[in-house]
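The values are calculated or read from the model by the stated rules, or taken from the named source; none is laboratory data. This structure is a prediction, so every number in the text was calculated from the model and none was measured. All Cβ positions, glycine included, derive from the backbone under ideal geometry; neighbour counts span all protein chains shown. Areas reflect the complete protein model, heavy atoms only, side chains present, ligands, DNA and RNA absent. Shrake-Rupley method; radii C 1.70, N 1.55, O 1.52, S 1.80 Å.
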Amino acid sequence: MPFIETEASVRYEFVNGQRVPVITPKTEVTLTNTETGQEYMSDAEALADVQNANTPTKAEHIRRDVNVTVEEINLGAALNISDWRMFKNLVNCDTLAFYKLCELAVII
């Protein structure tokens, strides 16, 4: 069963004198033991299973699936490429993922 690791939020900071959004997406995590199929409700529960000498569970048996949900963001049509670069740095994503996000924003 998945658990929420971070709730979605938006806060604003000033960067180069401009007020910009800092976005934290909602992240939902599912931890599964690949050997037994057992699902864990927290990182602590999975770690306890790994550290338990009475179970054969090893760290490499724990699979971590993360579902990231980014809410709709209205950035407006007046942004230029430097604004996009600044936005990329604030959401802390890798370049390829960021440009894929930009492509989706243009399509939407």
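Which one is surrounded by the fewest Cβ atoms within 10 Å (Cβ to Cβ) among residues in segment 19-45 that are among the charged types (D, E, K, R) and within 30 Å of S9 (Cα to Cα)?
Looking at residues that are among the charged types (D, E, K, R) and within 30 Å of S9 (Cα to Cα), I get R19.
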* To do: Those residues that are in contact with an Asp or Glu (Cβ under 9 Å, 6 or more places away or on another chain) and of a type in the set (S, T, N, Q), I need them from segment 7-35; list them, please.
  => Q18, T24, T27, T30, T32, N33, T34
* To do: Could you list all residues from segment 46-67 that are outside any helix (DSSP H, G or I), open to solvent by 60 Å² or more (accessible area, probe 1.4 Å) and either in contact with a helix residue (DSSP H, G or I) (Cβ under 7 Å, 6 or more places away or on another chain) or under 17 Å from M1 (Cα atoms) (or both)?
  => K58, R63, R64, D65, V66, N67
* Structure fact -> For segment 32-46, pairs from a residue that is over 13 Å from D65 (Cα atoms) to a residue that is in a helix (DSSP H, G or I) and open to solvent by less than 40 Å² (accessible area, probe 1.4 Å), with Cβ under 7 Å and 6 or more apart or across chains, are E35/H61
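If you go through segment 88-98 one residue at a time, do you hit one that is of a type in the set (D, E) and modelled with pLDDT under 85?
Scanning segment 88-98 turns up at least one residue that is of a type in the set (D, E) and modelled with pLDDT under 85.
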* From the residues in segment 1-45 that are part of a loop (DSSP other than H, G, I, E, B), small (G, A, S) and in contact with a strand residue (DSSP E or B) (Cβ under 7 Å, 6 or more places away or on another chain), which one is nearest to T57 (Cα to Cα)? -> S42
